[in-house]
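Coordinate-derived values only; no laboratory data. Not measured: the values here are computed from a predicted model. Positions of Cβ are backbone-derived with ideal geometry, glycine not excepted, and every protein chain shown enters the neighbour counts.
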There are 2 protein chains.
Amino acid sequence: MSEVLILSQETIGRVLTMSDAIRGVEEAYCQKSTGAGSLFPLVCHVFEPERADLDIKSGHLAKSGIYGLKLVSWFGDNEAKGLPALFGTTLLFDDSTGAPVALLNAGAVTGMRTGAAGAVGAKYLARKESRRMLMVGAGAQAPYQIAAMLLAMPGIDAVELCSPRSPSRAADRLRAIRQAVEGLLGGGRTAPYTIAAAEDLAEAVGRSDVIVTATPSHQPLIRREWVRPGTHFSCVGADMAGKQELDGAILSNARIFVDDLAQAISVGECELAIRQGFLAPEEIVGEIGALIDGALPGRADEEEITVFDSSGIALQDLVVSKVAVDRAKERGLGITAEL
Amino acid sequence: MSEVLILSQETIGRVLTMSDAIRGVEEAYCQKSTGAGSLFPLVCHVFEPERADLDIKSGHLAKSGIYGLKLVSWFGDNEAKGLPALFGTTLLFDDSTGAPVALLNAGAVTGMRTGAAGAVGAKYLARKESRRMLMVGAGAQAPYQIAAMLLAMPGIDAVELCSPRSPSRAADRLRAIRQAVEGLLGGGRTAPYTIAAAEDLAEAVGRSDVIVTATPSHQPLIRREWVRPGTHFSCVGADMAGKQELDGAILSNARIFVDDLAQAISVGECELAIRQGFLAPEEIVGEIGALIDGALPGRADEEEITVFDSSGIALQDLVVSKVAVDRAKERGLGITAEL
């Protein structure tokens, strides 16, 4: 017998702030780096290739007192049925007793924690005086990435949005993305900023300090010769084998941090660069938790290209879900059910 | 956005009958044997050896239209805190969309499905005229095993209960077990039956037609020379490496079926018999689903010793959980939460 808190997407959207997510993701990275956080083996199942699959990511965060899992399914035929293709569900447990604590719709948390990841990479690796952000990809992740960046990097005041495969899409989506960013900022940013659409990716890359890539691309989008010295990249799009957003040559002389070494090499932005001979696994400096913790040094100078390869780990979801649970409890929201 | 049904242990106890569980477990075994049921990889994590661990078992039942997982944790220190050592939580999903369907306390289902497994083994392998059942082990599983057997094998009318390590325990527990069995039968058995305590295991074995073992033993409890021809064993105790309840010599000339071949060999009753040279893996006849389905022949004659090695598979939990969900919906029970 135990009491479980049920949090819907709507409730999580009301209680969880992007600043919470940023702090949570930093905490998850640090616990992973000190060994307080551990990942359990990944479960993947393909119901039908290219049509339906799922994975179960799970892990333990000793300092947060929780363990848990996130099951995410993708059913390609759902959109024709008027349903989302992705469903994500998170279960949290108390690590002192094993009792279940909460069931959450994982969607809202996934958006926030992924946005926070890109921003945390920039916060610890980008040049301090960075002012110009380029958001590559105008999909569902764009507002989360932009809002998180505007909170984590107060000096950034000019954002450009570029949709590499269909350049007009960024302009079409601009209004909706601006509104979504405002909503996610929730008054947490007072300094002014602009968000504009950029048609020419090469030119936009050349004038940016911080570039976040969040596309489903399987080919390099950004070429080495477009990139100016000192640029920081946070790559969040590549999260399965075969995905790639940067020209491997960019990685070959960059200072690279990752969220999880094994995963970056097998499914992250580093995967193809390594396979194509641009990068050796031992050239990756380390996991970002060790940088946040001060155990590894970050950017060496103002000229260096830095890269954060975020393939996404369950610990991010679990920490941020725990924050959502605490916030909901403070406000008496969610449904409590006897189990 | 989706609606999830939350079922507590208490609600499941009200809606789920042992007959439901028996039908569900047969269905799970058959789907496994035909390929409609599949198991996903097992996740195990040890927080601290001998003190706390967990596993996540998951799988898909195409004919039932569901997939899902059961997370079971064991925290040895819980009893000192007045909490159960085991917590089990089941999540079910719709296999046509991936949407979450239900969250259940797995405890009530685990008891029922494990009891049903022992009885299903006997139903398909024991001699039809079997009358005497011996229950080895007087723990939490005993009433589930006895009640399921009394439903699945109407000819059984005399049950003996034996606690091999502390013979007086069976007598001490008899009253509570009788009551629990009555509760589980819920009027589903009209023919009379008796349940008595047996002090001498060897003698009780020698007069039994059907023997169910459900103990945490790591050494053989039942010797070959005690067993009379034609006896059937359902072994449900061994579910992790190193556990054993039968003398390996019993398995060496028995007709053996298992719930899952790979699991029986690695963690079931067959494990040590194979390691000790009493049995070769290829001597196992097959999985019980193929016997239920008619694809494999069962007992050859009245003299043969038969064994069903049930190590427990997630598909049993998932099918029976689905039945509980259907029953609860019919009666408008459980808590429906927007996710």
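Some points to look at:
- Per-bin percent of Cα-Cα distances, segment B:109-196 [10 Å]: 18, 55, 26, 1
- The fraction of all Cα pairs in the protein assembly as shown landing in successive 10 Å bins from 0 to the largest distance is 3, 15, 23, 21, 15, 11, 7, 4, 1, given as whole percents.
- Gained length - B:Lys63 relative to B:Glu3, 0.36 nm times residue gap less alpha-carbon distance: 19.4 nm
- Listed residues A:Cys30, A:Cys270, A:Val320: farthest to the positive end of the dipole of the protein assembly as shown (Cβ charges): A:Val320
- Computed from backbone phi, the HN-Hα couplings of segment B:122-139 come to 5, 4, 9, 10, 6, 4, 4, 8, 4, 10, 10, 10, 10, 9, 9, x, 10, x Hz, rounded to whole numbers (Karplus: 6.51 cos²θ - 1.76 cosθ + 1.60, θ = phi - 60°; Gly and Pro given as x).
- Taking every alpha-carbon pair under 8 Å whose residues sit at least 6 apart, segment B:116-312 reaches a relative contact order of 23 percent.
- Among the GluC sites (Glu not before Pro) in segment A:134-219, those placed in a DSSP loop whose Cβ has at most 15 other Cβ atoms within 10 Å are A:Glu199.
- Gain on full stretching of the segment that runs from A:Leu42 to A:Leu296 - 0.36 nm per residue minus C-alpha separation: 88.7 nm
- Put simply, the C-alpha atoms of segment B:1-41 give a gyration tensor, and the ellipsoid matching it has half-axes of 24, 18, 8 Å, longest first.
- Alpha-carbon Debye profile of segment A:116-312, log10 I(q)/I(0) at 0.10, 0.16, 0.18 Å⁻¹: -0.35, -0.94, -1.21
- About the Cα centre, charge dipole magnitude for the protein assembly as shown (Lys/Arg +1, Asp/Glu -1 at Cβ), debye: 1220 debye
- Simple Cβ-charge dipole of chain B, Lys/Arg +1 and Asp/Glu -1, about Cα centre, in debye nearest 20: 700 debye
- Label-point separation, A:Arg223 to B:Glu203 (7 Å along Cα→Cβ), nm: 9.3 nm
- A convex hull fitted around the alpha carbon atoms of segment B:272-326 yields 123 Å³ per residue.
- On Cα atoms only, tilt of A:141-152 relative to the major axis of chain A in degrees: 80 degrees
- With Cα atoms as the point set, the radius of gyration and Dmax of segment A:1-75 evaluate to 15.3, 41 Å.
- On the principal axes of its alpha-carbon atoms, chain A has extents of 61, 43, 43 Å, going from largest to smallest.
- Based on every Cα atom in segment B:148-226, Rg and the maximum pairwise Cα distance Dmax equal 13.2, 38 Å.
- A Cβ-based charge dipole, computed about the Cα centre of segment B:218-320 with Lys and Arg at +1 and Asp and Glu at -1, lands at about 280 debye.
- Mean separation of Cα contacts under 8 Å (6+ apart) over length of chain B, as relative contact order %: 23 percent
- In chain B, a dipole from Cβ-located charges (positive for Lys and Arg, negative for Asp and Glu) runs towards its positive end, and of B:Ser217, B:Leu333, B:Cys44 it is B:Leu333 whose Cα lies farthest in that direction.
- Each part reduced to its alpha carbon centroid, segment B:114-193 and segment A:49-105 end up 39 Å apart.
- Of the GluC sites (Glu not before Pro) in segment B:1-93, those whose Cβ has at most 14 other Cβ within 10 Å and which sit in DSSP loop: B:Glu50
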